[in-house]
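The values are calculated or read from the model by the stated rules, or taken from the named source; none is laboratory data. Because the structure is predicted, anything quoted here is derived from the model rather than measured. Positions of Cβ are generated from backbone atoms using ideal geometry, with glycine treated the same way; all protein chains shown enter the neighbour counts. Keep in mind that these areas ignore ligands, DNA and RNA; they rest on the heavy atoms of the full protein, side chains included. Shrake-Rupley method; radii C 1.70, N 1.55, O 1.52, S 1.80 Å.
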Amino acid sequence: MGFACGPAHADRRVALVIGNSAYKSAPKLSNPANDATLVGGMFKKAGFDSVDVRLDLNASEMRRMLREFAGRTRDADMAVIYYAGHGIELDGTNYLIPTDATLETDGDVLDETIPVERALFAVEPAKQLRLIILDACRDNPFAKSMKRTLASRAIGRGLAKVEPTSPNTMIAFAAKAGSTASDGDSRNSPFAAALVEHLPKPGLDLRKAFGFVRDDVLKVTGYKQEPYVYGSLGGDDVPLVAKQVPTGPQANPQEAVRRDYELALQLATRDAWEAFLAAYPDGFYANLAKGQLNKIGAEETRAAAEQKAKTAEQEKARLIAERAQKAEQEKAAAAAKAAEEARIAAEKQKQIEQARAEAAEHQRKLAEAAAAKALAEKQAAEKAKAELAARQAAEKSEQAAKPAPDRQIPEVENKKVAALSAGATATLSATDLSKSVQSELRRVGCLTSAAEGEWTSAAQRSLTLFNKYAGTQFDVKLASIDALDALKAKPGRVCPLVCNFGFKADGDQCVKIACRPGYRVGDDNECEKIQEKKPVATREEPRKRDQDRKEAESAAPKSQASGQMICNQAGCRPVAKGCRLGSVPGPGSGVVKITGEICN
């Protein structure tokens with residue numbers, strides 16, 4: 001945390017990253033888009049001033065991006081272009097293939113692709129370093145399906161060798177000229193993974209960094225793919241990221257030991273740990289290294305015991321196959337049993353040593369984390385102390401420059417208290433703290449009276465309202481710094497505006513309710529229509545109603561048709577008015593009942 005980049009900050013570095021995966025006329029490549037994203041992130045972490053990552057560009061988009069990037073390199077010290085995708089070599093010239101290229105004939109290469117010279121032209125204005133990285137040496141499907149219009153025209157395998165004519169210019173190929181590169185079985189190609197591992201190392205010369213990239217790719221691909229770099233640089237080291245120079249507090253003196261320990265931990269071999277102990281024979285990390293060495297020794301002992309047990313089993317099988325004597329078989333069986341017991345003991349010892357090494361490694365990480373935290377807290381405290389001292393000095397100067405009456409205005413004092421930081425708030429007096437809290441309570445709409453230096457009952461009630469509507473639980477009996485910080489964090493009104501009857505809220509104030517003619521303010525504080533009064537009935541009307549009722553009751557009922565029909569031998573007819581159907585005595589004795597008319 002106490003380091004910063006030195007001379008690298010003065011240099012302007014720009015990068016353009018292009019990854020073409022989704023080809024329309026060829027099978028999709030799985031890794032270029034992932035590789036471009038990974039390399040672009042590497043440039044951003046390295047502190048480049050401008051990093052433009054573009055994926056799956058067609059021909060017009062690639063030309064436009066190169067043209068725009070050429071404009072950014074005019075005032076740059078270092079310019080880098082990384083391209084991942086398909087490329088092709090035609091008559092000794094290399095071309096980058098956009099995603100919309102079809103390349104049905106060799107003549108289409110000139111119209112549908114982008115020559116590498118176009119990328120060289122884009123980085124030409126850079127002052128100190130011009131770097132082009134081409135991860136485009138994959139097996140090209142266009143070269144296999146392309147029709148030849150001229151038999152003598154040569155289409156190479158991979159890309160052709162390029163010798164830059166401008167000084168301080170380098171072109172890095174994922175594979176040597178005339179050979180192809182592997183797209184890789186993982187998320188990223190071996191070339192891209194090695195670039196991200198070595199290029200951003202601070203102070204590492206690019207020529208040496210690309211040498212490490214070459215070694216890694218050769219090892220990963222089984223010595224089938226060899227990256228190659230063309231061009232030359234001067235005698236001075238040219239790193240992609242300048243070596244960091246300490247500008248603040250010095251780093252932990254154990255930092256170099258820790259880095260060497262982590263490097264040995266990555267190798268995890270007996271030679272690495274013995275070399276570490278030879279350089280650092282004593283100390284905390286030396287004890288950790290001894291534990292790791294014991295772990296390796298336990299593993300070697302276990303492997304030797306396992307091999308011995310395997311040999312004993314083979315000997316036992318041989319004796320049985322040769323029908324050896326019983327004594328020899330028993331001896332071989334005893335040896336096999338002893339070897340198995342030794343293997344089991346060695347396995348247990350290995351587990352014990354491994355557990356001890358893991359516990360020691362955990363303690364190391366905890367100790368380093370505690371040291372880093374203590375250093376960060378110390379630096380933060382020193383910075384806060386310096387800022388507070390500068391702020392107090394500035395405030396004293398400002399107060400001395402202002403007239404005395406101005407400094408007594410409560411509103412100005414409130415603004416000054418509101419502007420204090422969290423560190424300075426802790427130094428307020430009880431009077432200033434009370435006034436500041438009441439000023440903030442007025443701002444959020446919880447206090448209507450003026451801010452005072454004393455913590456009154458009105459201030460306590462207003463803080464109670466704030467607790468209710470803000471969901472806090474501050475002690476209302478006193479003004480606290482925590483309450484002041486919570487009030488400052490609220491951007492606007494917290495307590496609702498309450499108006500008297502006949503008034504309504506308008507923003508942060510109450511205004512009188514004005515109803516239109518014929519309306520008035522009702523019980524619900526809303527405008528409602530005024531109801532007209534009904535006329536009072538006179539004494540004559542009840543008498544008239546009683547007389548009409550008596551006349552209706554004394555009148556004879558009017559006979560009405562029932563709507564029923566009666567049928568006999570003569571036919572059917574409606575039932576007469578005032579009559580109804582019912583059971584009547586039949587002809588003769590009258591014992592049998594029949595349906596007939598019953599009239600009044």
Legend entry - Reciprocal of mean inverse Cα separation for region 24-128 (Kirkwood radius, Å): 14.8 Å
Inset, instruction - Enumerate the calculated ³J(HN,Hα) couplings along region 365-370 in order (Karplus 6.51 cos²θ - 1.76 cosθ + 1.60, θ = phi - 60°), each rounded to whole Hz, writing x wherever the residue is Gly or Pro. - result: 5, 5, 5, 5, 5, 5
Legend entry - Ranked packing of 127-137, 165-175, most packed first, by mean Cβ within 10 Å: 127-137, 165-175
Legend entry - Modelled FRET efficiency - R0 56 Å, S397 with E368, Cβ distances, 0.05 increments: 0.80
Inset, instruction - For region 267-327, with all protein chains present and a 1.4 Å probe, just round the carbon and sulfur fraction of the accessible area to a whole percent. - result: 53 percent
Legend entry - Per residue accessible area of region 190-292, 1.4 Å probe, in Å²: 56 Å²
Inset, instruction - Show me 464-477, 316-329 ranked by packing, highest mean number of other Cβ atoms within 10 Å first. - result: 464-477, 316-329
Legend entry - Percent RCO, i.e. relative contact order, over region 29-184, from Cα pairs under 8 Å lying at least 6 residues apart: 26 percent
Legend entry - Note, ³J(HN,Hα) from phi for region 337-343, Karplus 6.51, -1.76, 1.60, rounded to Hz, x at Gly and Pro: 5, 5, 5, 5, 5, 5, 5
Inset, instruction - Please identify which residues in region 446-486 have an amide N closer than 13 Å to a label point set 7 Å out from the Cα of A430, following the Cα→Cβ vector. - result: 453-456, 478-480
Legend entry - Cα→Cβ-extended label distance, 7 Å offset, between V584 and E340, nm: 12.3 nm
Legend entry - Distance (nanometres) between label positions extended 7 Å along Cα→Cβ at R207 and K550: 13.8 nm
Inset, instruction - Quantify, in whole percent, the carbon and sulfur part of the accessible surface of region 65-158 (1.4 Å probe; protein heavy atoms only). - result: 50 percent
Inset, instruction - Assuming R0 = 51 Å, can you tell me the calculated FRET efficiency for the pair D236 and A489, based on Cβ-Cβ distance, to the nearest 0.05? - result: 0.45
Legend entry - Label-point separation in nm, R118 to A304, each point 7 Å along Cα→Cβ: 6.5 nm
Legend entry - Length added when fully stretched, I566-A355, from 0.36 nm per residue minus Cα-Cα: 64.6 nm
Inset, instruction - Using the Karplus curve 6.51 cos²θ - 1.76 cosθ + 1.60 with θ = phi - 60°, work out ³J(HN,Hα) for each residue of region 231-238 in order, rounded to whole Hz, and write x for Gly and Pro. - result: x, 8, 10, x, x, 6, 5, 10
